[in-house]
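In what follows, a single structure is set out as structure tokens and then discussed.
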Amino acid sequence: MYYGFGTMIELLKKNPKTIVFTEGSDPRILEAASRLLASSFLHPILVGNEEEVFRAAEEAGYNIRGAQIIDSYHFDRFDEMVDIFCELRKDKGMTHEEARKILVQPNYFGTMLVQMGIADALLGGATYSTADTVRPALQIIKTKPGHSIVSSCFILVRPGATGENEVLAMGDCAININPSEDELVEICGETAECAKIFGVDPKVAFLSFSTYGSGKGPDVDKMRNAAKKAQIKYPTIPIDGELQFDAAVSPRVARTKCPNSNVGGHANTFIFPDINAGNLGYKIAQRMGNFEAYGPILLGLNAPINDLSRGCNAIEVYSMAIITAALATE
Ligand SMILES: CC(C)(COP(=O)(O)OP(=O)(O)OC[C@H]1O[C@@H](n2cnc3c(N)ncnc32)[C@H](O)[C@@H]1OP(=O)(O)O)[C@@H](O)C(=O)NCCC(=O)NCCS
């Protein structure tokens, strides 16, 4: 199954979705929303004060006629939202008074719109940090059954030499700061599944500064052990580690460092040891390797909620909105 943008748009045309943008008056969101409104496959909900949102759109020169704008301060189902939130957070001792203060914040309010079924998906983070975008999702939408963590991956795309796009997946570059061995196994499974959605037949490398024991220490052991556990858990996916990045992607280097590896030299799905390595890794590919980077795509949540980079542009908002909503058709 290849989910290029054309395929995603076709899926959404057959099954239109609603996506909530938590930063309704941001010019990049307004530009993306005006493009979505001009088509009919994805309906935007903009969170914010109606007057402010329309004024921002007019000033920036975007037509958002027909957009649904919901103001957390004047939402007719706010009392119901507060009740649901208190119930969800009852083990934290959430009071109605506290809930009211939290739920007027657009990131929490937008996430509750998804939880209440008013929207199918959410995209935020044009101005919020990743942590502030993701935290409400972790607390409200929560992890899917059978999952212990929410993680994330980036899909990287650039034109390949043969005319076909080169597509890679990298996880977890954005959520789990220092994942354990078992969490890395879960990140591997989720990242490989996401890679498949984007047409990648995953060959997974657990990355390290060491290949097959060339380096020593607990960081190396973590990646080697995680790779072994992942091989057992996902026997149909080629997985290997620990591998250095050159051994993972260069057939010439792999012949020297890991000649018997079924992944070495041909990896297309990369599991990083921690968020430092992952975040730097995808950004180096994006900024110096001419890859378009889509993500972070959140994995393991009960509903599609995604985060934008604060440095994003309107094209990235539009693309991420389509990816996020297409995941809601899954
Ligand atoms: C994800 C993240 C925001 C959570 O941070 P936090 O809110 O301070 O963490 P907390 O431990 O207070 O957890 C908040 C809630 O989320 C849950 N949670 C935290 N991490 C989770 C994960 N990976 N999966 C599922 N749930 C998680 C906690 O259980 C807790 O739930 P509760 O309130 O119901 O008990 C944090 O791991 C983080 O900052 N990651 C890096 C984000 C970043 O800066 N990325 C780089 C830019 S792309």
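A short reminder: the numbers here are calculations on the coordinates, not readings from a lab. Because the structure is predicted, anything quoted here is derived from the model rather than measured. Glycine also receives a Cβ, built like all others from the backbone with ideal geometry; neighbour counts cover every protein chain displayed.
Summary of values
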read-out: FRET efficiency for Glu52 and Asn260, using Cβ-Cβ distance with R0 set to 56 Å, rounded to 0.05; value: 0.35
read-out: Ranking of Lys229, Lys14, Lys257, Lys144 by count of other Cβ atoms within 10 Å, fewest first; value: Lys14, Lys144, Lys229, Lys257
read-out: R0 of 41 Å, Cβ-Cβ distance Thr329-Lys92: FRET efficiency to nearest 0.05; value: 0.80
read-out: Hz values of 3J(HN,Hα) by residue in region 185-190 - Karplus curve (6.51, -1.76, 1.60), Gly and Pro given as x; value: 5, 5, 4, 4, x, 5
read-out: Fully extended contour minus Cα-Cα distance, from Leu280 to Ser39, at 0.36 nm per residue; value: 83.2 nm
read-out: Rounded to 5, the percent of DSSP beta bridges in the chain classed as antiparallel; value: 40 percent
read-out: Mean separation of Cα contacts under 8 Å, 6 or more apart, over the residue count of the chain: relative contact order %; value: 22 percent
read-out: For the chain: span of alpha carbons on each principal axis (Å, largest first); value: 64, 49, 31
read-out: Separation between Cα centres of region 230-269 and region 287-330, rounded to whole Å; value: 27 Å
read-out: Cα gyration tensor, region 18-81 - rounded (a/c under 1.5), prolate or oblate; value: oblate
read-out: Distant-in-sequence amide H partners of Leu301 (H built 1.01 Å from N, under 5 Å); value: Lys144
read-out: Structure-based [θ]222 nm, the chain - -39500 (n - 2.57) summed over DSSP H runs of at least 4, per residue, nearest 500; value: -13000 deg cm²/dmol
read-out: Principal-axis tilt of helix 218-233 within the chain, Cα atoms, nearest 10 degrees; value: 80 degrees
read-out: Per-residue Cβ neighbour rank within 10 angstrom, fewest leading, Glu98, Glu186, Glu59; value: Glu59, Glu98, Glu186
read-out: Ranked list, fewest to most other Cβ atoms within 10 Å of each Cβ, for Val317, Val253; value: Val253, Val317
read-out: GNM top mover of Thr236, Thr191, Thr22 - the chain, alpha-carbon springs below 10 Å; value: Thr236
read-out: Karplus-derived HN-Hα couplings along region 192-200 (A = 6.51, B = -1.76, C = 1.60, θ = phi - 60°), whole Hz, x at Gly and Pro; value: 5, 5, 5, 4, 4, 4, 9, x, 8
read-out: Acute angle (nearest 10 degrees) that the helix 314-328 long axis makes with the longest principal axis of the chain, alpha-carbon atoms; value: 80 degrees
read-out: Choice from Gly281, Gly163, Gly217 with maximal GNM fluctuation in the chain (Cα, 10 Å cutoff); value: Gly163
read-out: Residue-wise HN-Hα coupling along region 57-68, computed from phi with Karplus coefficients 6.51, -1.76, 1.60 (Hz; x: Gly, Pro); value: 5, 5, 4, 7, x, 10, 8, 10, 4, x, 6, 8
read-out: With 10 Å bins from 0: P(r) over region 151-288, alpha-carbon pairs, percent; value: 14, 47, 34, 5, 0
read-out: Under 17 Å between alpha carbons - lysine pairs in region 151-288 that sit 8 or more apart or on different chains; value: 6
read-out: Rounded to 5, the percent of DSSP beta bridges in region 151-288 classed as antiparallel; value: 40 percent
